Amino acid sequence: MKKWSMLLMAIITAMAFAPAAFAQGGTGGVGEGHSALWIAAAFGMGIAAFGCGLAQGRIGAAALEGIARNPGAAKNIFTPMLLSLAFVETLVLFTFLMIILKVK
């Protein structure tokens, strides 16, 4: 029952705010001819963030599996794991930097 009431509230909220969103003029927002560029930038950032999250999850799982198999190697596994997480995180940061530089 709670699931259906939450769905109903979401639909009512969307119906309440939709007319105001669609009532804007055609020139508002990002400007002429740049909407596809902004959409592509958003998809690129989303793909980079998805890949980063997936990779970081796998890195963490592999490190914890290695520590679980050999608890004495925790010190030797921890530093490469942190370096790997930092290298993977730079993917999202570089993507964000490219979006800022290319999309004006």
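For the range 32-104, what does the equivalent ellipsoid look like in terms of its semi-axes, each the square root of 5 times an eigenvalue of the Cα gyration tensor, given largest first in whole Å?
Ellipsoid half-lengths, sorted descending, are 36, 11, 4 Å.
Any idea what the relative contact order of the range 32-104 is, in percent, if you count C-alpha pairs under 8 Å spaced at least 6 apart?
46 percent
Projecting each Cα onto the charge dipole of the range 32-104 (Lys/Arg +1, Asp/Glu -1 at the beta carbon, about the Cα centre), which of Ile39, Ile77, Ile59 comes out farthest on the positive side?
Of Ile39, Ile77, Ile59, it is Ile77.
Quickly work out the Met98-to-Leu64 label distance, labels modelled 7 Å from Cα along the C-beta direction, and quote it in nm with one decimal.
3.1 nm
The numbers here are math on the coordinates, done by the rules we state, and not lab data. Source: prediction; values computed, not measured. With ideal geometry, Cβ positions are generated from the backbone for all residues, glycine too; neighbour counts draw on all protein chains shown.
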